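Reading through the C-alpha cells given below for one structure.
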Amino acid sequence: MRIIGISFVPISFSIVIPTYFQAIGMGKQSIVLTVLRQIVLLIPLAWMFSLLGVDYVWWAFPTAEMITAATACILYRKYPMKEPAGLKEE
C-alpha cells in the first residue's frame with residue numbers, strides 16, 4: 001500500500017486531464033493518455049520490474065502514473081482550451 005500510495009498524487013493528473021480533453025472535444029489526446037497509462041507503460045514496466053523481483057512489480061504503478069502525469073501536463077500546455085464558438089464577445 002505504501003508503494004501504491006505514492007501514485008495517488010500523479011494519478012489525479014492521469015485521470016483528470018484525459019477527462020478534460022474529452023470534455024472539450026479533443027478525444028485523440030484523451031485516448032492517447034489513457035492508452036499510454038494502461039497499456040504502453042504499465043504492462044512493460046511491470047514486466048521489467050518483475051525481472052528485479054516480485055516485490056518490485058508494485059513500482060510499475062507509480063512510475064507509469066508519473067510518466068503519464070508529465071505527458072498530460074505537456075499535452076495540456078500544447079493544446080490550451082479553446083473559446084466556445086457561441087460565447088464570443090462582439
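The values are calculated or read from the model by the stated rules, or taken from the named source; none is laboratory data. Quick caveat, the model's predicted, so the values are computed rather than measured. Here the Cβ positions follow ideal geometry from the backbone for every residue, glycine too, while neighbour counts run over all protein chains shown. Protein only, heavy atoms only, side chains kept; ligands, DNA and RNA dropped before computing areas. Shrake-Rupley method; radii C 1.70, N 1.55, O 1.52, S 1.80 Å.
Each Lys and Arg contributes +1 and each Asp and Glu -1, all at the Cβ; summed about the Cα centre of the chain, the dipole is approximately 120 debye. The heavy atoms of Val40 offer some 80 square angstrom of accessible surface to a 1.4 angstrom probe.
Given R0 = 30 Å, the distance between the Cβ atoms of Ile4 and Ile31 translates into a calculated FRET efficiency of 0.75.
Peptides 26-36, 42-52, 58-68 ranked from most to least packed give 58-68, 26-36, 42-52, packing being the mean of other C-beta atoms within 10 angstrom over each peptide's residues.
Taking all pairs of distinct Cα atoms, average 1/r, flip it, and tell me the Kirkwood hydrodynamic radius of the chain in Å to one decimal place.
Working: mean 1/r = 0.0705 Å⁻¹.
With all distinct Cα pairs of the chain included, I get 14.2 Å.
Estimated from helical segments only, the mean residue ellipticity of the chain at 222 nm is -19500 deg cm²/dmol, where each DSSP H run of four or more residues counts as -39500 (n - 2.57). Close amide-amide hydrogen proximity is noted between Ile6 and no other residue 5 or more places distant or on a separate chain, at a cut-off under 5 Å (H modeled in the peptide plane; Pro and chain starts excluded).
At 0.36 nm per residue, minus the direct Cα-Cα distance, what do Gln38 and Leu52 gain on full extension? Give it in nm, one decimal, please. Don't skip to the answer; put the middle values down first.
Working: separation 14, 0.36 × 14 = 5.04 nm, distance 2.12 nm.
Contour length minus Cα-Cα distance gives 2.9 nm.
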